[in-house]
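Okay, structure first, notes after.
The values are calculated or read from the model by the stated rules, or taken from the named source; none is laboratory data. It should be emphasised that the depicted structure is a prediction, and the values quoted were computed from it without experimental measurement. Neighbour counts run over all protein chains shown; Cβ positions are idealised from the backbone, glycine included.
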Amino acid sequence: MTYSRTDSGRRVNACLCLFLLAFFLSAAGCATRMSTRISSPFAGGAGNGEEVQKHVDAVLRTIEERNATVESQPDWRSRAYQKFMIKDLDSIDEGEYEGYARYLDNGSAYIVVHPAYYTFFNDDSLSSENSPGVTGENALERFLSEGAYTSKSRLIKAQEKQIRDFLEYMSTDKKLVILILPYDYRDFPAYKYKKEKDEYMRFINEVTNGSDSVIYLYSKSPNRGTLTEKNRRELLKFLYAIKTKQILLGGGYVGRCIEDFYKDIEQYYSYEKLYLVPEITAISPADVSSGTASDMLKSDGTIDVGKLSADIRGNAVGNQEVIPRIKNLSPPYAAP
């Protein structure tokens with residue numbers, strides 16, 4: 001039997017197609033998928049005494065139980081789209097401010113600027129066609145459960161999960177967390193759910209658990225972390241009233257919205273009391289190289305907080321003009 005050049009070319013093309021198909025199937029199989037299960041934000045919890053670890057485990061169990069019971073109910077999900085279940089700072093009477101001092105974490109208040117910004121305002125891959133209302137998962141859970149093929153995407157998912165877990169934990173543990181939410185985000189062109197149910201509202205309600213220890217206010221614009229003069233005055237008055245020893249800052253992104261807020265607030269609040277917390281801080285994918293993203297990830301897919309902290313101090317990530325003071329999280333109630 002003889003083969004023409006045409007037949008040989010067809011055989012080569014067929015082999016090439018089979019090779020490419022096998023390659024892409026292999027790549028799909030190698031995609032990293034992240035667990036959506038809530039983890040403790042305190043990496044060293046187990047090494048800080050049995051009582052500390054018992055407390056951490058108890059908080060995590062409470063979160064899991066609430067997620068599996070209260071927040072799995074259709075009526076709760078319906079209400080989660082209608083309004084925020086935490087208080088707006090503007091709705092709190094000044095006479096009530098001092099009562100929030102009981103929620104301070106050893107004198108510290110946490111402020112998180114634009115939580116989950118990537119998932120809801122910056123990610124183009126997650127379409128709204130597969131509605132969270134149908135799947136039961138919120139949009140961030142769906143994002144985390146998707147495969148990650150690059151070091152950047154793995155870093156982004158790890159960041160989003162870390163901030164999500166922190167909010168779940170601290171709201172359940174009744175620690176004071178102040179959220180700076182994007183102003184008028186429903187009409188922000190980048191918000192992918194602006195024509196549908198308010199998925200960002202649902203997400204905030206799910207991770208804050210209707211906690212009395214969590215309050216929110218809005219930034220001046222949806223894509224900047226600066227506050228209006230009115231909101232800044234209210235926030236400062238609140239922080240002074242509860243005698244906050246430290247502000248521990250996180251959110252997204254380094255050198256962007258976080259820096260807007262940092263520069264805005266440090267003019268009026270003591271610089272010595274203002275810190276950035278790397279464990280709850282996100283970097284924009286536009287501000288980090290693939291190599292740097294890879295260096296920041298441990299073998300288990302979690303963030304190397306020591307490396308991230310060093311990179312922030314060294315102005316090696318983000319789009320920083322200001323190098324903030326750094327403070328890392330430590331387990332609750334640990335000995336100084």
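Of K237, K263, all but one fail to be out of contact with any strand residue (DSSP E or B) (no Cβ under 6 Å at 6 or more places or on another chain), surrounded by fewer than 16 Cβ atoms within 10 Å (Cβ to Cβ) and modelled with pLDDT of 95 or more; the exception is K237. Checked across region 222-232, the condition of being of a type in the set (G, A, S), at pLDDT 95 or above, closer than 20 Å to A109 by Cβ and in contact with a His (Cβ under 7 Å, 6 or more places away or on another chain) holds for at least one residue. Taking region 293-336 only, how many residues are closer than 15 Å to A158 by Cβ, among the β-branched types (V, I, T) and touching an Asp or Glu at 6+ places or on another chain (Cβ under 7 Å)? Counting residues in region 293-336 that are closer than 15 Å to A158 by Cβ, among the β-branched types (V, I, T) and touching an Asp or Glu at 6+ places or on another chain (Cβ under 7 Å) gives 2. Considering only residues in region 310-328 that are in a loop (DSSP other than H, G, I, E, B) and β-branched (V, I, T), the one that is nearest to the chain's Cα centre (by Cα) turns out to be V317. The set of residues from region 229-273 being over 18 Å from K327 (Cβ atoms), free of Cβ contacts under 8 Å to residues at least 40 places away in the same chain and part of a loop (DSSP other than H, G, I, E, B) comprises Q267, Y268. Small (G, A, S) and touching a residue at least 40 places away in the same chain (Cβ under 8 Å) - does that describe any residue in region 53-71? There is no residue in region 53-71 that is small (G, A, S) and touching a residue at least 40 places away in the same chain (Cβ under 8 Å). Residues considered: S289, S330, S284. Of these, the only one that is loosely packed, with under 15 Cβ neighbours inside 10 Å and out of contact with any Ser or Thr (no Cβ under 7 Å at 6 or more places or on another chain) is S289. Could you tell me whether any residue of region 161-177 is over 20 Å from L276 (Cβ atoms), surrounded by fewer than 18 Cβ atoms within 10 Å (Cβ to Cβ) and at pLDDT 95 or above? Yes, region 161-177 has at least one match. So is S91 hydroxyl-bearing (S, T, Y) and at pLDDT below 95 or not? The answer is no for S91.
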